[in-house]
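For reference, the structure discussed in these notes is given below.
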Amino acid sequence: MGKKNRLTASMGDTTLRLLTLLMAISVLVLMAWMGWQMYDSALPSIEKFGFSFITGREWDPVKEQFGALPFIYGTLVTSLLALIIAAPIGLGVAIFLNEMATSRVRSVIAFLVEMLAAIPSVVYGLWGIFVLAPWLRETVEPGLAKWFGFLPLFQGTPLGFGMLAGGLILAIMILPTIAAISGEVMAAVPNEQREAALALGATKWEMIRIAVLPYARSGILGGVMLGLGRALGETMAVTMLIGNRPDILPSLFAPAYSMAAVIANEFTEATYELYLSSLVEIGLILFGITLILNVFARLLVWSVARGPKGGIS
């Protein structure tokens with residue numbers, strides 16, 4: 001009877017292993033299928049423009065001239081700006097909630113942070129149009145131009161709509177992701193780490209710096225990269241605030257265009273094959289950038305995780 005039970009258990013383990021392996025392979029197959037389908041649809045554009053499609057700056061459907069560089073530029077600038085703003089704030093929120101806040105305050109603020117993640121992007125866009133853009137146009141951008149106008153980043157006419165607005169709305173949208181993942185990673189740090197640092201006479205900040213952050217840094221980095229991935233692919237809110245003009249200008253006040261926004265705005269207007277193919281190629285480039293970013297993030301997380309954990313010995 002015992003031998004039969006062991007045989008049944010072994011068969012169950014084998015079946016489970018095969019099923020989970022099949023599920024894992026299906027993800028790879030799905031990714032490859034999506035990439036191939038986009039490549040196949042973008043082939044007319046790839047064959048006509050080649051690499052000049054990525055470096056080209058002219059987007060003129062009437063003349064059948066298509067270059068994606070302005071959209072790549074707008075996407076990268078707004079996403080990096082969002083990351084620069086949201087990463088330190090999200091990390092600060094996570095530190096406060098896990099290391100300093102009382103249980104009652106923690107539950108309230110954590111709920112509000114989670115609510116930010118649940119708000120639809122179109123609602124963020126509407127809020128940006130009626131609240132954020134006027135505030136930037138009337139207060140923030142004139143102040144930045146006054147104090148930092150010697151820098152190309154803060155020159156030009158304050159419009160309210162542009163890369164600064166797009167970056168700020170993206171920062172608000174990815175903030176919950178960074179804060180939530182960083183908080184979960186910090187909560188997983190063993191209390192012995194904290195107690196050891198405090199027992200050695202460390203202050204609260206020193207305990208966080210030497211016992212919590214080094215231990216959780218790989219997870220924090222993963223959360224930051226996940227937030228950047230969302231920023232790269234966000235569509236509606238950015239479309240409503242970035243200005244939708246395919247230019248490459250150094251000023252953050254200037255309107256720009258993102259890859260996701262141009263696909264959303266012009267896909268229904270693509271009346272001939274080359275136009276449609278060019279839009280699909282933009283999607284393929286966005287797909288590739290996201291894939292490369294995630295591979296890089298995973299390698300970075302692995303390299304950080306292999307380093308010293310920062311524990312107290």
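The values are calculated or read from the model by the stated rules, or taken from the named source; none is laboratory data. Here the structure is a predicted model, which means the values were calculated and not measured. Here the Cβ is made from the backbone with ideal geometry for all residues, glycine too, and neighbour counts use every protein chain on show. Ligands, DNA and RNA are excluded from the accessible area calculation, which covers all protein heavy atoms including side chains. Shrake-Rupley method; radii C 1.70, N 1.55, O 1.52, S 1.80 Å.
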Practice item. With a point put 7 Å past each Cα toward its Cβ, work out how far Asp247 is from Asn294 in nm, to one decimal. Key: 3.5
Review point. Exactly which trypsin sites (Lys or Arg not before Pro) in the stretch 44-105 are in a DSSP loop and have at most 14 other Cβ atoms within 10 Å?
Key: Arg57, Lys63
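Find the relative contact order for the chain and round it to a whole percent, using C-alpha pairs within less than 8 Å whose residues are 6+ positions apart. Present the calculation step by step, with values, prior to reporting the outcome.
Working: 414 pairs, mean separation 81.6, N = 313.
Computed value for the chain: 26 percent relative contact order.
What does the net charge come to around Leu43 if you take all other residues with beta carbon closer than 14 Å to its beta carbon, with K and R at +1 and D and E at -1? Intermediate values should be presented prior to the final figure.
Values: positive: Lys48; negative: Asp40, Glu47, Glu273, Glu281.
Counting the neighbours of Leu43, the net charge comes to -3.
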Review point. Label points 7 Å out from Cα along the Cβ direction at Val108 and Asn191: separation in nm?
Key: 2.5
Check your understanding: Does a label point 7 Å from the Cα of Tyr39, set along Cα-to-beta-carbon, have any residues of the stretch 273-295 with amide nitrogen under 19 Å, and which are they?
Key -> 277-295
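State the percentage of accessible surface on the chain attributable to carbon and sulfur atoms; use a 1.4 Å probe and exclude ligands, DNA and RNA. Please report the intermediate quantities before stating the final value.
Working: 11940 of 17050 Å².
The computed percentage sits at 70.
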Review point. Counting alpha carbon pairs within less than 8 Å and at least 6 residues apart, what relative contact order, in whole percent, applies to the stretch 1-92?
Key: 12
Exercise for review: Working with all protein chains in place, sort Phe154, Phe53, Phe296 by solvent-accessible area computed with a 1.4 Å probe, largest first.
Suggested key: Phe296, Phe154, Phe53
Review point. How high is the FRET efficiency from Phe130 to Ile89, r the C-beta distance, R0 30 Å, rounded to 0.05?
Key: 0.85
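Restricting to Cα pairs below 8 Å that are 6+ residues apart, what does the relative contact order work out to for the stretch 1-160? Please round to a whole percent.
Working: 58 pairs, mean separation 14.1, N = 160.
Relative contact order here is 9 percent.
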Practice item. Please calculate the 1.4 Å probe accessible area of Trp127, with all protein chains present, and give it to the nearest 10 Å². Key: 110
**Study point:** For the chain, with +1 on Lys and Arg beta carbons and -1 on Asp and Glu, the positive-most of Leu144, Thr14, Gly201 along the dipole
**Key:** Gly201
Check your understanding: Charges only on Cβ, +1 for Lys and Arg, -1 for Asp and Glu: so what's the dipole of the chain about the Cα centre, in debye to the nearest 20?
Key -> 1340
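What do you reckon, how do Tyr73, Tyr257 stack up by accessible area (1.4 Å probe), largest on top? The partial results should precede the final answer.
Details: Tyr73 60, Tyr257 15 Å².
Per-residue accessible area, sorted high to low, gives Tyr73, Tyr257.
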Review point. What does the accessible area of Ile248 come to, in Å² to the nearest 10, when a probe of 1.4 Å is used?
Key: 40
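Between beta-carbons, use under 10 Å as the cut-off and find the net charge around Gly67, counting Lys and Arg +1, Asp and Glu -1. List each step's numbers first, then the result.
Numbers: positive: Arg57; negative: Glu58, Asp60.
Charge balance in the 10 Å sphere: -1.
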Review point. Taking a probe of 1.4 angstrom, what is the accessible area of Val108 in Å², to the nearest 10?
Key: 80
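Can you give me the Kirkwood hydrodynamic radius for the chain, using every pair of distinct Cα atoms, in Å to one decimal?
After inverting the mean inverse Cα-Cα distance, the result is 22.4 Å.
Please list Leu22, Leu153 from largest to smallest accessible area, probe radius 1.4 Å, with all protein chains kept in place. Mind dumping the intermediate values first?
On the way: Leu22 110, Leu153 80 Å².
Solvent-accessible surface, decreasing: Leu22, Leu153.
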Check your understanding: Which residue, Ile25, Ile169, Ile95, has the most motion in a Gaussian network model of the chain that connects Cα atoms within less than 10 Å?
Key -> Ile25
Review point. When the chain is modelled as a GNM with alpha-carbon springs shorter than 10 Å, which of Ile129, Ile220, Ile72 fluctuates the most?
Key: Ile129
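What 222 nm value per residue comes from the helices of the chain, counting each DSSP H run with n ≥ 4 as -39,500 (n - 2.57) and dividing by all residues, nearest 500 deg cm²/dmol? Don't skip to the answer; put the middle values down first.
Details: 13 runs with 217 residues, N = 313.
Helices in the chain give a 222 nm mean residue ellipticity of -23000 deg cm²/dmol.
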Check your understanding: Hey, what do the phi angles of the stretch 146-156 turn into as Karplus ³J(HN,Hα) couplings, whole Hz, using 6.51/-1.76/1.60 and θ = phi - 60°, x for Gly and Pro?
Key -> 5, 8, 10, x, 6, 8, x, 5, 10, 10, x
